[in-house]
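Single-structure report; data block below.
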């Protein structure tokens, strides 16, 4: 199965919900006016409801609806207009380049987020994908608060066939990061993936620890961390935006990993994130398997949302 087919499969619930709501909006799936009708205020109001139900968010939905209303001409497809505007929102946030480490220095990627988002499994899946792409990653188990977290990460590292640097439970996470950077340089690794403890922004001590990890990484590798990926759970909907804003304020987030798209009808979250946070979505999770973390491509994502012929 191609990456696009897997993305379509993961977004099936969201696409079906959009299609059903849209059918109600245009009144009859076989109506000839379905694609050619004049788009009146009632249609635009209904369209906003469709987008909100998919968790596109208030601000992004209004932007899309206003753009569709301004562009509409008789004979144009409402479906195509909405498709194009969603793609525009995603592309507006997709152009931020990742920082490049100096020659001979491994790229340091910090993985952050709250508990339960799929952060640790994301690290394992990223390592697997990077190795498949010809890179030599190293995993750093910097979540030393939970022994189970390190053991779980070890399982994923073994599945991916990737080295892992770990320490005893309760060890200083920043010290583990130091050890991982030292090992990464010595072993000629291209990327170091740092799994951090799940934390809420209200836990000041954990946020201070995260800042210490960043300082140690910067001291040992120029420009590090070169990428800070925030893992968000698509099933929690708009609550993920609140989490993201807090992490952006303290963790220097540069990109988003949106997980559990296959378990939700709220796949529109990607659009809300792009519009409101102006952060690129780097990867999306569409299943529990090691190959079920996919690079995010805006055009393929929108095509997958529109797989139903609405």
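Panel order for 306, 4, by other beta carbons found within 10 Å of each beta carbon, from fewest to most: 4, 306.
Computed over the chain, the per-residue total of -39500 (n - 2.57) for DSSP H runs of n ≥ 4 gives a 222 nm mean residue ellipticity of -16000 deg cm²/dmol, rounded to 500.
Packing around the peptides 39-51, 226-238, 264-276, taken as the average count of other Cβ atoms within 10 Å per residue, puts them in this order, highest first: 264-276, 226-238, 39-51. Which angle between 0 and 90 degrees, to the nearest 10, do you get for helix 78-92 versus the longest principal axis of the chain when only C-alpha atoms count? Once rounded, the angle reads 30 degrees. Summarising the label geometry, the points placed 7 Å from Cα in the beta-carbon direction at residue 2 and residue 215 lie 5.0 nm from one another. Here are several values of Cα extents along the principal axes in Å: (i) 69, 45, 30; (ii) 66, 39, 36; (iii) 47, 45, 44. Which one was derived from the coordinates shown? The listed entry that was calculated here is (ii). Between 0 and 90 degrees, the angle of helix 173-187 with respect to the longest Cα principal axis of the chain falls at about 80 degrees. Between helix 119-132 and the chain there is an angle of about 90 degrees, using the helix long axis and the longest principal axis of the Cα atoms.
Taken as Cα centroids, segment 204-232 and segment 240-310 sit 22 Å apart, rounded to the nearest whole angstrom. In a GNM of the chain with a 10 Å cut-off on Cα contacts, which of 174, 141, 100 has the highest mean-square fluctuation? For the chain, modelled as a Gaussian network with Cα springs under 10 Å, the answer is 100.
Read the figures in this text as sums done on the coordinates, not as results from a lab. Source: prediction; values computed, not measured. Note that each Cβ is placed from the backbone with ideal geometry, even for glycine, and that neighbours are counted across all protein chains shown.
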